[in-house]
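The values are calculated or read from the model by the stated rules, or taken from the named source; none is laboratory data. None of these values were measured; they are calculated from a predicted model. Just so you know, the surface numbers come from the protein's heavy atoms only, side chains and all, with ligands and any DNA or RNA stripped out. Shrake-Rupley method; radii C 1.70, N 1.55, O 1.52, S 1.80 Å.
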Amino acid sequence: MSYVFQPAPCPSLPVIGRAERFPVRRIYCVGRNYADHAREMGADPQKEPPFFFAKPADALVAGGEARYPSLTRDYHHEVELVAALHAGGRDIPAEQALACVFGYAVGLDMTRRDIQAGLRAKGWPWDMAKGADQSAPVGAIRAAAEIGHPASAAIRLRINGALKQEGNLAQMILPVAEVIAELSRYVELAPGDLIFTGTPAGVGPVQRGDLLEGEVEGVGALAVRFV
Ligand code: MN
């Protein structure tokens, strides 16, 4: 195969304890999957169930540094459990969904909140709020073969050492198996897909120079500085 120019490199993540990296195909996200975050965004979690959106795969940043993007003065952190798939399909039954998960990582669904507010008001697509360059920092993947499928674990975010978000995976409205099952009704999932599973309450702005540290107990950690 030859191309008219060199294709972009495949985005990828390190896997703890493995030399091979995890190649990323697509990045999907769940919106409002924790009731307390839905409420802080002005939504009623009883009336508006979780929904899906996507980020470009090359928005991935494997820790280290991430650029503060253009056109926002209100760039928000959303710390999330990320499921990394090594199998996929369409219309996956929830009972079989966890077999698609290779492992888990901690991610940040970075969001231009000011842009998002304008898009929401107009009923326009969220892409320019959610899909900024380098808007998907993710830590190293921990294999499910090692840790299983965490259903209850603390999830936290600190900025410059100060605790900003804290929740528990058990608070997810749709647990990981149901997220995969529901998302696979919309799109065919495949090996390499990452799914951000939603954020607990406490989202807020980051500033240039801030060090963000995310963790999910028993799963992993992520450290990224915005520059
Ligand atoms: Mn999110």
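Once the Cα gyration tensor of the stretch 129-182 is found, what semi-axes does its equivalent ellipsoid get, as square roots of 5 times the eigenvalues, in whole Å, sorted largest first?
Working from the Cα gyration tensor, I get semi-axes of 22, 17, 14 Å.
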Looking at the P(r) of the stretch 101-227, how many percent of alpha-carbon pairs lie beyond 22 Å? 42
How much solvent-accessible surface does residue 5 expose, in Å² to the nearest 10, with a 1.4 Å probe and all protein chains in place? 150
How big is the equivalent ellipsoid of the stretch 1-92 along its three axes, where each semi-axis is √(5λ) from the Cα gyration tensor, reported in whole Å from largest to smallest? 29, 19, 15
Leaving out ligands, DNA and RNA but keeping every protein chain, what accessible area does residue 48 have, in Å² rounded to the nearest 10, with a 1.4 Å probe? 80
On a straight-distance basis, which lysines could pair with residue 122 in a cross-link, Cα separation under 28 angstrom, same-chain partners fewer than 8 positions away excluded? 47, 55, 130
What Rg and what Dmax come out for the stretch 70-170 when only alpha-carbon atoms are used, in angstroms? 16.2, 45
Heavy-atom accessible area of residue 10, protein chains in place, probe 1.4 angstrom, given in Å² to nearest 10, is 80
Show me the three semi-axes of the equivalent ellipsoid for the stretch 71-126, from the C-alpha gyration tensor (sqrt of 5 times each eigenvalue), largest first, rounded to whole Å. 32, 16, 7
Note: the stretch 1-50, point scatterers on Cα, Debye, no solvent; log10 I/I(0) at q = 0.21, 0.23 Å⁻¹ equals -0.78, -0.84
May I have the convex hull volume per residue, in Å³, for the Cα set of the chain? 139
Compactness of the stretch 160-222 - radius of gyration and Dmax, Cα, Å: 14.7, 41
